[in-house]
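Just so it is clear, none of the values below were taken in a lab; they were calculated from the coordinates. Fair warning: this is a prediction, and the values are worked out from it, not measured in the lab. Glycine gets a Cβ as well: all are built from the backbone with ideal geometry, and neighbour counts include every protein chain shown.
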Amino acid sequence: MRELTVRIRFTEHSLGNRKLNDNTGRFAFSRSPSGNIIFLASWHHANMRLAAQLIGKHQDEVGKIHWDINVDGQLRDDKWHRVYYRAPSSGKRRYSLHEAFFPDQVIGINCIVPERISEQDLWRLMSKAGQYKGLSPWKPGEFGFYEVESVRPRELILDDDEAEEEDESKADIRTA
């Protein structure tokens, strides 16, 4: 098993689906207690099952991928997107506001992948999932389509205190 980061670039809006309790009718992304946007692991599992069927490879192995639900990405300052629809009763054109990742925004998704799935195969799987299913809490399969930008080993970003502690621990190991 190895930890990888998949960077994806949205080609279609990815929209939040959690209705806010502020009487505005807006929809936001679900968040972790620390405030990170989350995409559920079950969405990735479903996407990977479909992709594995499409490429005819790794049908059993994709279920062994472990997904980090925290999304590595920031919303734009103008994060709201209008979705237009017809009101069922009157037929009038209305819209709802959704928090969104916009086309051309890049986010990272971290995962632990079995050795049998190469980085190239993970790229192919994620590409197929992005082409046919996408990642959007609101109406997956209609929104959230994406292209894969990169697949690479995950790099942990340390804050200054953590980096200093790590440097000190390495120095202790070298001098011992």
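Tabulated data for the structure shown
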read-out: Condition check for LEU20: free of Cβ contacts under 8 Å to residues at least 24 places away in the same chain, farther than 13 Å from GLY130 by Cβ and either crowded, with 21+ Cβ neighbours inside 10 Å or not β-branched (Val, Ile, Thr) (or both); value: yes
read-out: Odd one out for ARG94 among (1) in a loop (DSSP other than H, G, I, E, B); (2) closer than 25 Å to THR24 by Cα; (3) of a type in the set (Lys, Arg); value: (1)
read-out: Considering residues of the range 38-71 that are free of Cβ contacts under 8 Å to residues at least 24 places away in the same chain and out of contact with any helix residue (DSSP H, G or I) (no Cβ under 8 Å at 6 or more places or on another chain) only, the residue nearest to CYS111 (Cα to Cα); value: SER42
read-out: Hits in the range 125-153 (condition: surrounded by fewer than 15 Cβ atoms within 10 Å (Cβ to Cβ) and among the small types (Gly, Ala, Ser)); value: GLY141, SER150
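Here is a yes/no grid of residues against (1) under 17 Å from GLY141 (Cα atoms); (2) β-branched (Val, Ile, Thr); (3) not in a loop (DSSP other than H, G, I, E, B):
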residue	(1), (2), (3)
ILE8	yes, yes, yes
GLU12	yes, no, no
HIS45	yes, no, yes
ASP77	no, no, no
SER89	no, no, no
GLU99	no, no, yes
ASP104	no, no, no
GLY108	no, no, yes
GLU115	no, no, no
